[in-house]
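Scroll down for the structure; my scribbles are underneath it.
The values are calculated or read from the model by the stated rules, or taken from the named source; none is laboratory data. Quick caveat, the model's predicted, so the values are computed rather than measured. Here the Cβ positions follow ideal geometry from the backbone for every residue, glycine too, while neighbour counts run over all protein chains shown.
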Amino acid sequence: MVYVRKKTEELRKIRASALYLDRKSKALNTVKGFLLGLFRAAVIIGISYVILAPVIGIVSSSFFSTQDSINPMVFTIPISPTIERYTMAIKYMDYLPILGRTLLYTGGVTLLQLLICSMAGYGFARYNFPLKKLWFGCIVVMIVVPLNTIQFPLYMTFRYFGIGSHVTNLHKTAWPTFILTAFGCGLKSGLYIYIFTQFFRGLPKEIEEAALVDGANSWYTYFRIMMPNASPAIITVAVFSIVWQYNDAFFANTFNMPATLLITRKLDSLVDVIANAERINSLRELQLYFDAGVVLVLIPVVVIYIILQRRFIEGVERSGIVG
Amino acid sequence: MNTAAKKRRFRLNYEQRNALRGYSFILPWLIGFLVFYVGCLIQLGQFSLLEIKIDAGTGTRQDIFVKFQNFVDAFTSHASFKQVLTSSVMDMLIDLPMIIFFSLFVALLLNRKFKGRALVRAIFFLPIILSSSAVGDAINRATAMMTTGVASSTAEIAETGTVSVSYYIQLFGDLALPPTVLEYVVGAVNRIASIIKGSGVQIILFIAALQSIPGSLYEVAKIEGATGYETLWKVTIPMVMPHIITNTIYTVVDRFTTSDIVALAADTYQKYNYGLSAVFSLTSTVITCLILALIVYLLNKRAFYYN
């Protein structure tokens, strides 16, 4: 009995000792950490699946042969894979030439966006001029009221473009996009100006003061000193601009841009073209060609994104995009 | 002598020169904004009061002034305008809190350091790339295909979808959850794919916001003995509150541009109902802006600005 009491007393002491408590809390923490990690992993994997599932679905079904597409036992992994969908899609989309033109168009618009939006952003961030607050408010208005609102007036503006009797129809060309972008009204230009403004505001003023003392004028300072320092913001805006411009359907539809210029427009008609040329009636089979076309269209942006993504995310974190 | 005097008269002081330089930098944007943006907004107002006829053959345009007839038509006799408008606005209001919560949650998850973070981040921002209307159909179809397995026909998908959902609805209904709450949750679960798709940029903005919170605040919280939960509510949330406002604006605008009402306006002008289309654009934009102003006003009251 005495022995038992002694042992209980010892046990109580051990339990109360700092070392024991420390170990207990440590063990609890490991369990907690493990459970949290498990929970986080489950959530991340789940969401990643939701995002990736359609991509996996499209890529896999673009390799399906006709038997695979009718066979109800086939899911995601084709039994007899074929690349016929791709050869057909490349052939009927006129893939490489049109892709080249689309990339030229996208690249040109992006360069214009970078130039015009960074200029405006620099002006707003570094100079004081009358009505500055009003104009910056207009930038916010541009972000809030999307171009979609003025879609129809834009359509009319470029349908009858010009002054007085010198009117031309600029539809079915790339001119409207370039004109709008060159004057800071391109796709999401307001957002880009905002990003650049916030970024330039965050840069130290001393660099420019040094440049001023050394006799650089404002344009030299902007091109040779500020722009090289603005690479996080430039990367951020460039990625947004390339991706959104490439995928854009708004300008393409509004100005009725030709399919020979934009690969996404060509994709719209791909199914009909193949159905006519190859005499295919089965909708399910046509869908497979369309999937191959979608993969072909998405490849360039995905490649650009993979190349730039690390710098892009760093850029977003450093560019003060949120103000 | 003469030229020197002229020079002196036109010499500007430092401030004026600075203002001129500032204007020279924003000039391209300013011209474009006034000519295209403001010009088009004014035109939109004009068009909403006109009936425009374009001759298909010659392309000549004829305007007839009809006062507010287009507005009257839109609200009284148009078949679907009011329905589409309400459903678009409702969708936007339902999605907004879901997207904000979801993107904040994901940003908190991704902001920690763990193995494979770069890969996970790359995957989470993928929806920004895939959010293209050109490939949208294919993606939606593929989503349906992948979520229901081998079900190949739409009827089959609908069946498997409704059976499981209604079972769970009943289960939670038996637990006496209020039906409105239940409907909202079920709706949110149904929309999970669209919510994930719609929150790519918001996640980026929140991650950037989280990175900009000074670490010293967390150190102080730790020294004072705050738990992780308390730190979240007392440090993180107040610090990202201004960015919640930014994200709200972005989400509302994004949802609006992809909503049915914008599609209806575009569809209407492609059917040569130019005046009516202008009315649709104008009304929906004004309503969206009012809602946005209200939300931002309410959030702004609770916001706290660190700087």
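If I filter segment A:198-211 down to residues being of a type in the set (A, V, I, L, M) and surrounded by 14 or more Cβ atoms within 10 Å (Cβ to Cβ), which single residue comes out as nearest to the other protein chains (Cβ to nearest Cβ)?
As a first pass, look at segment A:198-211 and keep what is of a type in the set (A, V, I, L, M): A:203, A:207, A:210-211.
Next, only the ones that are surrounded by 14 or more Cβ atoms within 10 Å (Cβ to Cβ) stay: A:203, A:211.
Numbers: A:L203: 15, A:A211: 13 Å.
The selected residue is A:A211.
Report, by residue number, each residue of segment B:258-307 that is at pLDDT 85 or above, hydroxyl-bearing (S, T, Y) and surrounded by fewer than 17 Cβ atoms within 10 Å (Cβ to Cβ).
If the condition is that a residue be at pLDDT 85 or above, hydroxyl-bearing (S, T, Y) and surrounded by fewer than 17 Cβ atoms within 10 Å (Cβ to Cβ), then B:Y297 is the only one that fits.
If A:R224 satisfies every condition in (1) buried (at least 22 other Cβ atoms within 10 Å of the Cβ); (2) basic (K, R); (3) more than 11 Å from chain B (Cβ to nearest Cβ) but one, which is the exception?
(1) is the only condition that A:R224 fails.
Does any residue in segment B:36-54 that is closer than 17 Å to A:Y160 by Cα come within less than 7 Å, Cβ to Cβ, of a residue that is part of a strand (DSSP E or B) six or more places away or on a different chain, and which pairs are these?
From segment B:36-54, the pairs are B:I52/B:R61; B:I52/B:D63; B:K53/B:Q62; B:I54/B:R61.
Name, by its number, the condition in (1) within 12 Å of another protein chain (Cβ to nearest Cβ); (2) at pLDDT 85 or above that does not hold for A:K91.
Tallying (1) within 12 Å of another protein chain (Cβ to nearest Cβ); (2) at pLDDT 85 or above, A:K91 fails exactly one: (1).
Please state which one of A:L114, A:L104, A:L52 is over 30 Å from B:V279 (Cα atoms), at pLDDT 90 or above and in contact with a helix residue (DSSP H, G or I) (Cβ under 7 Å, 6 or more places away or on another chain). Working first, answer last.
On the way: A:L104 fails: in contact with a helix residue (DSSP H, G or I) (Cβ under 7 Å, 6 or more places away or on another chain); A:L52 fails: at pLDDT 90 or above.
The conditions single out A:L114.
Can you pull out the residues in segment A:278-304 that are among the charged types (D, E, K, R) and touching a residue at least 40 places away in the same chain (Cβ under 8 Å)?
Start the filter on segment A:278-304 by keeping residues that are among the charged types (D, E, K, R), which leaves A:278-279, A:284-285, A:291.
A:E278, A:R284, A:E285, A:D291, listed by residue number.
Do you know which of the residues in segment B:198-227 that are away from chain A (no Cβ under 12 Å) and of a type in the set (A, V, I, L, M) is surrounded by the most Cβ atoms within 10 Å (Cβ to Cβ)?
B:A221
Confirm whether A:N281 is within 12 Å of another protein chain (Cβ to nearest Cβ), more than 24 Å from the chain's Cα centre (by Cα) and either aliphatic (A, V, I, L, M) or surrounded by fewer than 21 Cβ atoms within 10 Å (Cβ to Cβ) (or both). Step through it out loud before you land on a result.
Numbers: within 12 Å of another protein chain (Cβ to nearest Cβ): no; more than 24 Å from the chain's Cα centre (by Cα): yes; either aliphatic (A, V, I, L, M) or surrounded by fewer than 21 Cβ atoms within 10 Å (Cβ to Cβ) (or both): yes.
In short, no.
Please verify whether B:A151 is crowded, with 16+ Cβ neighbours inside 10 Å, modelled with pLDDT of 85 or more, over 26 Å from B:V120 (Cβ atoms) and touching a helix residue (DSSP H, G or I) at 6+ places or on another chain (Cβ under 9 Å), treating the condition exactly as stated.
Numbers: crowded, with 16+ Cβ neighbours inside 10 Å: yes; modelled with pLDDT of 85 or more: no; over 26 Å from B:V120 (Cβ atoms): yes; touching a helix residue (DSSP H, G or I) at 6+ places or on another chain (Cβ under 9 Å): yes.
Here the answer is no, as B:A151 does not meet what is asked.
So if I check each of A:I58, A:I98, A:I90, A:I116, which one is touching a Pro at 6+ places or on another chain (Cβ under 6 Å), surrounded by 15 or more Cβ atoms within 10 Å (Cβ to Cβ) and in contact (Cβ under 8 Å) with a residue 24 or more places away in the chain? Before the answer, list the steps.
On the way: A:I58 fails: touching a Pro at 6+ places or on another chain (Cβ under 6 Å); A:I98 fails: touching a Pro at 6+ places or on another chain (Cβ under 6 Å); A:I90 fails: touching a Pro at 6+ places or on another chain (Cβ under 6 Å).
Matching residue, one of A:I58, A:I98, A:I90, A:I116: A:I116.
Can you name every residue in segment A:254-265 that is within 11 Å of another protein chain (Cβ to nearest Cβ) and either more than 23 Å from the chain's Cα centre (by Cα) or modelled with pLDDT of 85 or more (or both)?
Step one: filter segment A:254-265 for residues within 11 Å of another protein chain (Cβ to nearest Cβ), giving A:254, A:256, A:262-265.
Correct list: A:T254, A:N256, A:L262, A:I263.
Test A:G164 against the criterion of being on the phi > 0 side of the Ramachandran plot and either among the acidic types (D, E) or more than 11 Å from chain B (Cβ to nearest Cβ) (or both), and give yes or no.
On the way: on the phi > 0 side of the Ramachandran plot: yes; either among the acidic types (D, E) or more than 11 Å from chain B (Cβ to nearest Cβ) (or both): yes.
Taking the combined requirement at face value, the residue satisfies it.
Of (1) within 14 Å of chain A (Cβ to nearest Cβ); (2) within 20 Å of B:L110 (Cβ to Cβ); (3) not hydrophobic (A, V, I, L, M, F, W, C), B:T231 satisfies all except one. Which?
With (1) within 14 Å of chain A (Cβ to nearest Cβ); (2) within 20 Å of B:L110 (Cβ to Cβ); (3) not hydrophobic (A, V, I, L, M, F, W, C) applied to B:T231, the lone miss is (1).
Which helices (runs of 4 or more DSSP H) sit wholly inside segment A:143-227 and have at least 2 residues that are among the hydroxyl-bearing types (S, T, Y) and at pLDDT 90 or above? Give the derivation first.
Values: elements: A:151-159, A:175-182, A:189-202, A:206-213.
Per the criteria, A:175-182, A:189-202.
For segment B:271-286, name all the residues that are more than 7 Å from chain A (Cβ to nearest Cβ) and closer than 14 Å to A:I150 by Cα. Give the derivation first.
Quick first cut of segment B:271-286, residues more than 7 Å from chain A (Cβ to nearest Cβ) only: B:271-273, B:275-276, B:279-280, B:282-284, B:286.
Listed by number, the residues that qualify are B:G275, B:L276, B:V279, B:F280, B:L282, B:T283, B:S284, B:V286.
Scanning for something over 30 Å from the mean Cα position of the chain (by Cα) and β-branched (V, I, T), does segment A:46-57 turn up at least one residue? Outline the logic, then answer.
Quick first cut of segment A:46-57, residues over 30 Å from the mean Cα position of the chain (by Cα) only: none.
No, because not a single residue in segment A:46-57 is over 30 Å from the mean Cα position of the chain (by Cα) and β-branched (V, I, T).
Looking only at helices (runs of 4 or more DSSP H) that fall completely inside segment B:188-307, which ones have 2 or more residues that are acidic (D, E)? Working first, answer last.
Details: elements: B:192-197, B:200-211, B:215-223, B:228-231, B:237-257, B:260-270, B:274-302.
In segment B:188-307, the matching helices (runs of 4 or more DSSP H) lie at B:260-270.
Would it be correct to say that B:S77 is of a type in the set (G, A, S) and either within 12 Å of another protein chain (Cβ to nearest Cβ) or under 15 Å from B:Y272 (Cα atoms) (or both)?
Working: of a type in the set (G, A, S): yes; either within 12 Å of another protein chain (Cβ to nearest Cβ) or under 15 Å from B:Y272 (Cα atoms) (or both): no.
Taking the combined requirement at face value, the residue does not satisfy it.
Identify the single condition in (1) over 23 Å from A:P153 (Cα atoms); (2) surrounded by 19 or more Cβ atoms within 10 Å (Cβ to Cβ) that A:D214 does not satisfy, given that it satisfies every other one.
Among (1) over 23 Å from A:P153 (Cα atoms); (2) surrounded by 19 or more Cβ atoms within 10 Å (Cβ to Cβ), the lone unmet condition for A:D214 is (2).
Report yes if A:V302 is modelled with pLDDT of 85 or more and either over 23 Å from the mean Cα position of the chain (by Cα) or closer than 22 Å to A:G57 by Cα (or both), otherwise no. Before the answer, list the steps.
Working: modelled with pLDDT of 85 or more: yes; either over 23 Å from the mean Cα position of the chain (by Cα) or closer than 22 Å to A:G57 by Cα (or both): yes.
Judged against the criteria, A:V302 is a match.
Out of all the residues in segment B:80-108, which are within 26 Å of B:I237 (Cα to Cα) and charged (D, E, K, R)? Walk me through it before giving the result.
The initial filter retains those residues of segment B:80-108 that are within 26 Å of B:I237 (Cα to Cα), namely B:91-108.
If the condition is that a residue be within 26 Å of B:I237 (Cα to Cα) and charged (D, E, K, R), then B:D91, B:D95 are the ones that fit.
Out of (1) within 23 Å of A:G186 (Cα to Cα); (2) within 12 Å of another protein chain (Cβ to nearest Cβ); (3) assigned to a helix (DSSP H, G or I), the odd one out for A:V294 is which?
Answer for A:V294: the failing condition is (1).
Any residue in segment B:267-275 that is of a type in the set (D, E) and within 16 Å of the chain's Cα centre (by Cα)?
Going residue by residue through segment B:267-275, those that are of a type in the set (D, E) are B:267.
Of the ones still in play, those that are also within 16 Å of the chain's Cα centre (by Cα) are none.
Within segment B:267-275, none of the residues are of a type in the set (D, E) and within 16 Å of the chain's Cα centre (by Cα).
Would you mind telling me which numbered condition in (1) more than 30 Å from B:Q62 (Cα to Cα); (2) within 11 Å of chain B (Cβ to nearest Cβ) A:I150 fails?
Result: A:I150 fails condition (1) only.
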